[in-house]
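Inspection log for the structure reproduced underneath, given as structure tokens.
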Amino acid sequence: MIKLYGNGVYLVNGSRIIEDDAEAASVLNAECGSAPSKEEAAKGTMAYKILEEHNTSGDMQNLHIKFDKLTSHDITFVGIIQTARASGLEKFPVPYVLTNCHNSLCAVGGTINEDDHMFGLSCAKKYGGMYVPPHQAVIHQFAREMLAGGGKMLLGSDSHTRYGALGTMAMGEGGPELVKQLLGRTYDIAMPGVVAVYLAGKPQKGVGPQDIALAIIGAVFANGYVNNKVMEFVGDGVANLSADFRIGIDVMTTETTCLSSIWTTDNEIKEFYEIHKRPEDYKELKPDNIAYYDGMVYVDLSEIKPMIAMPFHPSNVYTIDELNDNLLDILDDVEKKALVSLDNNKINYTLKDKVRNGKLYVEQGVIAGCAGGGFENICDTADILRGKYIGADEFSLSVYPSSQPVFMELVKNGVIADIMATGATVRSAFCGPCFGAGDVPPNNGLSIRHSTRNFPNREGSKVTDGQIASVALMDARSIAATAANKGYLTSAMDIDVSFGKPKYFFDSKIYENRVYNGVGNPQPDVEIKLGPNIKDWPVMSALTDNMVLKVVSEIHDPVTTTDELIPSGETSSFRSNPLGLAEFTLSRKDPSYVGRAKAVQLAEKARVAGEDIFAACPEVEEVFKQVNAKFESKPEDTQIGSLIYAVKPGDGSAREQAASCQKVLGGFANIAKEYATKRYRSNLINWGMLPFLYEDGELPFQNGDYIFIKDIKNAIINKEDNIKAYVVNKGMKEFTLKLGRLTDDERDIIIKGCLINYYRAQMQG
């Protein structure tokens, strides 16, 4: 079904695969008349060419990228613009689109939700941007319809910023990376590896894009095969997939932890741009006759069956047939994984109570968002359900078209009526199910979803309050098959159906009549509307010579997601209030974290104010006594803060709040065995936090210990990687931390204390 190559590969004429082994050169010479070096052949990838076109450094090993367009949604754009304003923003230098698909439906907070929207509209007017009102489109569908372009690069503050199927190399990063673009700076990164994803054959009837995506995620996530690399989709199988099908696979590449994606393009994608009245944005993309890749994921589409990703990660995949045939054994395995993922003794977690007459019963089905809400997914759903009904028991089905144009076409062709007649509900474009703010399943419930993630807490339940619900990821077609079977898990391949595949017609009038487009037309005199919950970032101090850091949370889960670091859902109501949002940091993983971090922060606040730090935090006095018995470290020259340890933090969302919430509570560092994603590590750095690595075995410290780091500022200035640290309350036990690769700008950001301070210093200097 899926094969991972152990070596790099040469791809000849887009179809011939030659593995990079001892025979590769002779085979290339025999078949092509030449054998270019790997370095030369690597320039033949689509990714290399696009990166080269957007690189401003002149050095293809150290890229300084300028993006063509930017996009953000309403969980992130307030913080981004507030950061940019504090850093000297005058106008948006490139098209910047503000969408409002993560609104919380005012579940909490009175006017908070709409206040953020009015802030966005006023900023779009003032700085020359585009504003998409709530319920018009989810962020990524709008980008596909209106922003993508062949050979272009797009940066978004949402992790699922992926438009590779349309020939656009897009990346999802934390807000500070968009701030850099808004201030005319660059996205700096070492040249990433490029891995080919070779698609062969044609999917079987009933198999959808989510099935292909989940199969790939299951093959590459745990082993990190594509981590921080570009996935380049090639092969004869691409031509057998519709544009919507390719888009559905592409958006899920984020869950592999890759950096970005790009696909070959053809007449199918040309037609997509023509349908959307942008034919000029199409560009044919394909690798050179000889292209070298750092690896290859070979996918035989014809062998993939309907899949299910069981809780609590998209990589926890099985075929639906496999699950149904080994139901109790697999549910037992899920329960064992839950013990690790949930880490909460209030929860007696099980899914075995869902087994009825030997079949798995689910309480909810959802087809939504940037992954599931596409035109083709919903049309195929209607074909499966037409003339049937979902029943009057616990099971419910909700369908969220991904944009108003998609919704309107589904109304015109009758699909919406067919779906509603089954008892399903149809909602407007909203990402709520994806971040726990819509269709939260009941306690102990199981929801099957064609959406992007199924992390713990992601569906909206609160484990710390004894609430737990589970999400399994599936394709819309198998969700529809399950709905037709009134909630009993069913593969779409078990349904006798004829897919009609109606043609899609895009009506641009919806956006022309409702979306504000001020791109290139800033109005400096417009007053920004600041609701009472919209707060500026607090002042953050610069790095000092030395550091005293208290470990205030220790997490040993194999992976820690950003949703565990700062939960989504109702907490997003406070997204525009840094201190208000910070109150929820680690609230569903380590509820005591906030109190412990605040207690240490009292010492730092006293230090900055020139007050008695020992009076503010008495336990720090003993810490300094022990430090000064070995070294001289004056309180005024020693930053006092907190840190968290996690094995592998940062999988999941690009939301910068996972880092900034720690920082506003006095967090100055993370220690990890490794960082799950580049974007989380970048968020730490941009908020002035040290991304330490400890790769050895047993930890020399534990929760509650104080760690002293001498001459940290000089170490960063001098580009030292090995940093000596001391566990204060364990006799000043010495151990070594690493910092990993840091650019000169990143070092300066950390020294200045955060990105805002970094830019303010430039403005003043």
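The values are calculated or read from the model by the stated rules, or taken from the named source; none is laboratory data. Please read all numbers here as calculations on a predicted model, not as lab measurements. So basically every Cβ, Gly included, is an ideal-geometry build from the backbone, and we count neighbours across all protein chains shown.
For the reader, a short list of remarks on this structure follows.
- When we screen 120, 58 for residues that are out of contact with any helix residue (DSSP H, G or I) (no Cβ under 9 Å at 6 or more places or on another chain) and either in the same structural domain as residue 283 (by TED's automatic domain parsing) or not hydrophobic (A, V, I, L, M, F, W, C) (or both), the only hit is 58.
- Some residue of segment 424-437 being over 25 Å from the mean Cα position of the chain (by Cα), buried (at least 24 other Cβ atoms within 10 Å of the Cβ) and at pLDDT 95 or above: no
- Each residue in segment 661-703 was checked for being of a type in the set (Ser, Thr, Tyr) and either more than 19 Å from the chain's Cα centre (by Cα) or outside the structural domain of residue 733 (by TED's automatic domain parsing) (or both), and 1 of them qualify.
- Consider segment 734-760 and keep the residues that are among the polar types (S, T, N, Q) and surrounded by fewer than 18 Cβ atoms within 10 Å (Cβ to Cβ). The one that is farthest from residue 688 (Cα to Cα) is 736.
- Among all residues of segment 334-355, there is at least one that is assigned to a helix (DSSP H, G or I), modelled with pLDDT of 90 or more and of a type in the set (Lys, Arg).
- Segment 582-609, subset among the basic types (Lys, Arg) and farther than 25 Å from residue 462 by Cβ, residue farthest from the chain's Cα centre (by Cα): 607
- Selection within segment 610-654: residues that are surrounded by 14 or more Cβ atoms within 10 Å (Cβ to Cβ) and of a type in the set (Lys, Arg). The member of this set that is farthest from the chain's Cα centre (by Cα) is 630.
- Residue 419 vs. criteria crowded, with 20+ Cβ neighbours inside 10 Å and part of a loop (DSSP other than H, G, I, E, B): no
- Qualifying residue in segment 616-623 (condition: assigned to a loop (DSSP other than H, G, I, E, B), among the hydrophobic types (A, V, I, L, M, F, W, C) and within 17 Å of residue 661 (Cβ to Cβ)): no
- Scan segment 580-595 for residues that are out of contact with any helix residue (DSSP H, G or I) (no Cβ under 6 Å at 6 or more places or on another chain) and not in a loop (DSSP other than H, G, I, E, B) and the total you get is 3.
- Of all residues in segment 214-268, those satisfying the criterion of being assigned to a loop (DSSP other than H, G, I, E, B), among the hydroxyl-bearing types (Ser, Thr, Tyr) and at pLDDT 95 or above are 225, 242, 264, 265.
- Among the conditions (1) in a loop (DSSP other than H, G, I, E, B); (2) under 28 Å from residue 386 (Cα atoms); (3) of a type in the set (Lys, Arg), the only one that residue 477 does not satisfy is (1).
- In segment 256-268, residue surrounded by the fewest Cβ atoms within 10 Å (Cβ to Cβ) [restricted to those that are touching an Asp or Glu at 6+ places or on another chain (Cβ under 9 Å) and in contact (Cβ under 8 Å) with a residue 40 or more places away in the chain]: 264
- Criterion violated by residue 276 - all others in (1) buried (at least 23 other Cβ atoms within 10 Å of the Cβ); (2) within 20 Å of residue 409 (Cβ to Cβ) satisfied: (1)
- One residue stands out among those in segment 28-59 that are basic (Lys, Arg) and in contact with a Lys or Arg (Cβ under 9 Å, 6 or more places away or on another chain): the one that is surrounded by the fewest Cβ atoms within 10 Å (Cβ to Cβ), which is 43.
- Boolean, residue 318 is farther than 22 Å from residue 2 by Cα and of a type in the set (Phe, Trp, Tyr): no
- Residue that is farthest from residue 46 (Cα to Cα), among those in segment 206-237 that are touching a helix residue (DSSP H, G or I) at 6+ places or on another chain (Cβ under 7 Å) and surrounded by fewer than 24 Cβ atoms within 10 Å (Cβ to Cβ): 206
- Contact annotation: no residue pair with Cβ atoms under 9 Å, 6 or more positions apart or on different chains, pairs a residue in segment 732-755 that is touching a residue at least 12 places away in the same chain (Cβ under 8 Å) and in the same structural domain as residue 718 (by TED's automatic domain parsing) with a partner that is surrounded by fewer than 16 Cβ atoms within 10 Å (Cβ to Cβ) and of a type in the set (Ser, Thr, Tyr).
- Answer residue from segment 160-212, given it is assigned to a helix (DSSP H, G or I) and small (Gly, Ala, Ser) and is farthest from residue 310 (Cα to Cα) among those: 175
- Checking every residue in segment 131-138 against the condition of being over 28 Å from residue 661 (Cα atoms), outside the structural domain of residue 402 (by TED's automatic domain parsing), touching a residue at least 40 places away in the same chain (Cβ under 8 Å) and of a type in the set (A, V, I, L, M) gives at least one match.
- Qualifying residue in segment 713-728 (condition: polar (S, T, N, Q), in contact (Cβ under 8 Å) with a residue 24 or more places away in the chain and surrounded by fewer than 16 Cβ atoms within 10 Å (Cβ to Cβ)): yes
- Against the conditions (1) among the polar types (S, T, N, Q); (2) surrounded by 21 or more Cβ atoms within 10 Å (Cβ to Cβ); (3) over 26 Å from the mean Cα position of the chain (by Cα), residue 452 satisfies every one except (3).
- Counted as qualifying within segment 673-765 are the helices (runs of 4 or more DSSP H) with 1 or more residues that are under 19 Å from residue 189 (Cβ atoms), namely 678-686, 744-752, 755-764.
- Selection from segment 195-211 of residues that are among the hydrophobic types (A, V, I, L, M, F, W, C) and within 12 Å of residue 237 (Cα to Cα): 197, 199, 200
- Restricting attention to segment 574-609, the residues that are hydrophobic (A, V, I, L, M, F, W, C), surrounded by fewer than 15 Cβ atoms within 10 Å (Cβ to Cβ) and more than 16 Å from residue 539 (Cα to Cα) add up to 0.
- Selection within segment 356-373: residues that are touching a Phe, Trp or Tyr at 6+ places or on another chain (Cβ under 9 Å) and assigned to a loop (DSSP other than H, G, I, E, B). The member of this set that is modelled with the lowest pLDDT is 357.
- Among the residues of segment 422-439, those identified as assigned to a loop (DSSP other than H, G, I, E, B) and either closer than 10 Å to residue 102 by Cβ or among the polar types (S, T, N, Q) (or both) are 422, 428, 430, 431, 435, 437.
- Those residues of segment 527-554 which are part of a strand (DSSP E or B) and in contact with an Asp or Glu (Cβ under 7 Å, 6 or more places away or on another chain), in sequence order: 546, 551, 553
- For segment 271-305, the set of residues classified as under 28 Å from the mean Cα position of the chain (by Cα) and assigned to a helix (DSSP H, G or I) consists of 272, 273, 281, 301, listed by residue number.
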